[in-house]
Amino acid sequence: MATGIGQLTNVLDPAKMGPDGEVFLDGFLAGDITSTLWQRWLPASTRTIEKASIEPPSGYATPTSESGDYDFKDLAEGFTVTYTQAQVAIGFAIGRFANLFLDPVAKMEFIRMVGNAAARKMEADSYAIITDNATGPDGSALYATDHGPNSGTAADQSNTGTSALDYVSLTAAFTVMARLKSPDGLIAGTRPDTLIVPPDMLVKALQIANSMVVPGHSAAAAVDGTLATATTAGQANVVGGWLKNIVAAPDVADTNDWYLVDAVNARFKKYIRKGPTPTTYVDIDSDAYRIKDFMSYADGHDNTWRYTFGSIVA
């Protein structure tokens, strides 16, 4: 899978990371980062990442009179934004005797391995946003049936299901997401373009997306066991045209769950603070060669349930 190189260089600039920064970044990019396809990686300026999200006060409405003033309303702080702050460090040493015979290339490889370890740690925490399904800013789980009603209706909204991935469930999820509404009661404009699955389901996901005709168009050769009826025989499969990315994420541990994301509008975010590390030096007392690194980052979302769908399969 492709890595969002532009996002990474904004927050992990090797020029600001000391003489070993490029080696670290090379190892980091080798970690096969896929969360940047649906999560925004941003530089953090303070430990307090965000206080609250601002919800629109209302939608468009007919003016009270042609010459009357606009109905100005104050922007109110909406739901508190939920982020999980992480501070992680790594350090190890090579004894004086081993260091005496260790060539510089081998030392660079250690730094590259640190970069790769950093990538895997940050990637795991990114995917935990969706797989943990924790309570979000609106008081409901990220994927839930009881997200608050929009303006003018008492009905809750749902962005979740329990169906296994197949052509029918995938197209149904597209429909659910397309009908989700913003707080002012208008269509949110969700356009899912990224499908996230565990590696166990990658082949099935690719078959569903890339088949020329509707998967399972004949009972004798069904891909996923659905739509094997005469009414769908030979129909063109258009699902592949909707999806820009199919991500096989090893950090999705459940072998049946799957997720859809509108990567353009979703507000999944990772705020990163990376200092001038990794640092390497020879300890003045022990003559041991030491490598250390430290990172601080926060993962979360800004009430973004309208732009994602999760099927939590029992």
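Quick note: the coordinates plus some simple rules give every number you see, no bench work behind them. Only a predicted model underlies this, so the values are computations on that prediction, with no experimental measurement involved. FYI the Cβ positions are ideal-geometry reconstructions off the backbone, even for glycines, and counts take in every protein chain you see.
Here are the numbers:
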quantity	calculated
Exposure proxy order (Cβ contacts within 10 Å, fewest to most) of Ser211, Ser65	Ser65, Ser211
Distance (nanometres) between label positions extended 7 Å along Cα→Cβ at Ala288 and Ala253	3.2
Least to most buried among Asp69, Asp287 (fewest other Cβ within 10 Å first)	Asp69, Asp287
Dipole-positive endmost among Leu102, Pro137, Thr160 within segment 92-166 (Cβ charges, Cα centre)	Leu102
Fewest-first sequence of Lys270, Lys292 by Cβ atoms within 10 Å of each Cβ	Lys292, Lys270
Between segment 81-101 and segment 242-267, the alpha-carbon center distance in angstrom	31
Under 11 Å, Cβ to Cβ, from Ala188 - net charge with Lys/Arg +1 and Asp/Glu -1	+2
Efficiency of FRET between Ala134 and Leu206 - r from beta-carbon atoms, R0 25 angstrom, step 0.05	0.25
